[in-house]
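The values are calculated or read from the model by the stated rules, or taken from the named source; none is laboratory data. Just so it is clear, the model here is predicted, and its values are computed rather than measured. Cβ sites come from the backbone with ideal geometry, for glycine too, and all protein chains shown count toward neighbours.
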């Protein structure tokens with residue numbers, strides 16, 4: 001007569017091995033399905049291609065996209081208090097340099113010869129990925145174009161302090177850390193809006209949470225969800241939830257809820273501006289704050305490609321962000337605490353958006369020109385110099 005326990009363990013071992021093989025096969029199959037689906041149905045929000053109308057005019061597009069795909073794999077590193085920051089990177093068109101202010105995106109500062117003997121003023125530009133310059137070369141970021149505009153008739157040193165995914169809550173902490181180094185700018189520019197609107201309209205707790213909030217909270221608290229979050233990142237789980245999401249209708253939010261969240265988001269944003277201005281005043285810096293344009297708002301004549309971006313089904317409804325932009329436009333007009341640029345492209349028909357918020361070089365140039373006008377209007381902005389002597393080698 002055979003012993004029961006060895007037989008039991010044999011069956012148990014067989015079941016465990018079979019399950020492991022089944023999971024492995026399912027994961028491989030899911031990965032293959034995802035790869036095939038991405039080739040057949042490229043998502044223009046994630047997989048910007050050189051033939052995109054927003055990129056088509058640029059001969060550097062293909063190499064820059066390859067550079068971006070490689071950089072994304074090492075994009076985030078942990079930074080105390082701020083959670084993540086800019087990773088040092090040197091590529092074909094994207095460069096993050098380590099310097100006195102830490103690791104920041106490279107800005108192409110163009111100077112006229114007179115600036116060699118004339119002390120220049122410094123500008124720090126803070127914001128999210130639209131300031132950092134996701135998907136565009138160093139010379140085509142908003143800060144690089146701003147430097148080019150300002151240095152036509154003055155001497156300015158512009159620094160790109162944009163960090164992908166940042167909202168103004170993290171920027172307040174970031175600024176505090178930078179000021180403690182003993183350095184400060186003559187003018188600090190905050191260029192935000194989309195990330196604050198996104199977080200303020202989608203997260204239920206408050207407008208203060210950050211990107212990957214649930215993931216980081218669950219891991220820190222040691223919850224079962226946090227311990228098993230690797231399951232949610234598997235191809236099998238993502239394939240299952242993707243299929244399920246197509247069968248389930250998205251729950252719509254009531255206008256009252258959206259309006260309340262919009263008010264909370266702008267309350268939070270303006271409180272952050274108040275803190276930043278108080279800090280800057282103590283260091284003799286001037287603050288200019290701008291609410292950025294986005295594809296979801298304004299009356300821009302949309303190119304077919306831009307309209308297709310709006311027609312996609314994202315993880316949240318883009319329309320949920322509209323009340324935040326409406327509230328921002330109202331407050332900018334009523335209080336003057338910041339400048340609303342949501343209507344900047346109302347008369348620009350050419351493709352400017354790479355996705356809902358990121359701009360191609362033409363879009364960044366247009367924003368830089370608008371910002372430069374506000375900078376020049378400040379009382380102590382600059383001394384005029386001979387703009388005809390500008391460095392001709394700059395792109």
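Below are the figures for this structure:
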item	result
Condition broken by residue 170, with the remaining ones in (1) closer than 24 Å to residue 374 by Cα; (2) crowded, with 18+ Cβ neighbours inside 10 Å satisfied	(1)
Conditions (1) modelled with pLDDT under 80; (2) closer than 30 Å to residue 337 by Cβ; (3) touching a helix residue (DSSP H, G or I) at 6+ places or on another chain (Cβ under 9 Å); number of the one not met by residue 262	(1)
Residue match in segment 145-156 (condition: under 20 Å from the mean Cα position of the chain (by Cα), assigned to a loop (DSSP other than H, G, I, E, B) and under 25 Å from residue 61 (Cα atoms))	no
Residues of segment 103-130 satisfying the condition of being in contact with a strand residue (DSSP E or B) (Cβ under 8 Å, 6 or more places away or on another chain) and part of a helix (DSSP H, G or I)	130
Which listed residue, of 165, 128, is buried (at least 24 other Cβ atoms within 10 Å of the Cβ) and either in contact with a helix residue (DSSP H, G or I) (Cβ under 7 Å, 6 or more places away or on another chain) or under 29 Å from residue 65 (Cα atoms) (or both)	128
Evaluation of residue 188 against (1) part of a strand (DSSP E or B); (2) more than 25 Å from residue 281 (Cβ to Cβ) (one fails), failing number	(2)
Hey, residue 145 more than 21 Å from residue 374 (Cα to Cα) and either buried (at least 22 other Cβ atoms within 10 Å of the Cβ) or touching a strand residue (DSSP E or B) at 6+ places or on another chain (Cβ under 6 Å) (or both) or not	no
Failed item, numbered, when residue 369 is tested on (1) surrounded by fewer than 14 Cβ atoms within 10 Å (Cβ to Cβ); (2) at pLDDT 95 or above	(1)
One residue from 134, 141, 107 being free of Cβ contacts under 8 Å to residues at least 60 places away in the same chain and over 30 Å from residue 257 (Cβ atoms)	107
Any hit, segment 191-214, residues being within 26 Å of the chain's Cα centre (by Cα), farther than 25 Å from residue 297 by Cβ, modelled with pLDDT of 65 or more and assigned to a helix (DSSP H, G or I)	yes
Residues satisfying the stated conditions in segment 71-85, i.e. modelled with pLDDT of 85 or more and either over 28 Å from residue 214 (Cβ atoms) or surrounded by 16 or more Cβ atoms within 10 Å (Cβ to Cβ) (or both)	71, 79, 82, 83, 84, 85
The listed residue being modelled with pLDDT of 90 or more, part of a loop (DSSP other than H, G, I, E, B) and surrounded by fewer than 22 Cβ atoms within 10 Å (Cβ to Cβ), out of 295, 302	302
Criterion: surrounded by 13 or more Cβ atoms within 10 Å (Cβ to Cβ) and at pLDDT below 80 - qualifying residue of 27, 88, 68	27
Flag for residue 65 being in a strand (DSSP E or B) and in contact (Cβ under 8 Å) with a residue 40 or more places away in the chain	no
Filter result (part of a helix (DSSP H, G or I), modelled with pLDDT under 75 and surrounded by 10 or more Cβ atoms within 10 Å (Cβ to Cβ)) within segment 30-61	30, 31, 32, 33, 34, 35, 36, 37, 38
Qualifying residue in segment 334-350 (condition: modelled with pLDDT of 95 or more, crowded, with 22+ Cβ neighbours inside 10 Å and not in a loop (DSSP other than H, G, I, E, B))	no
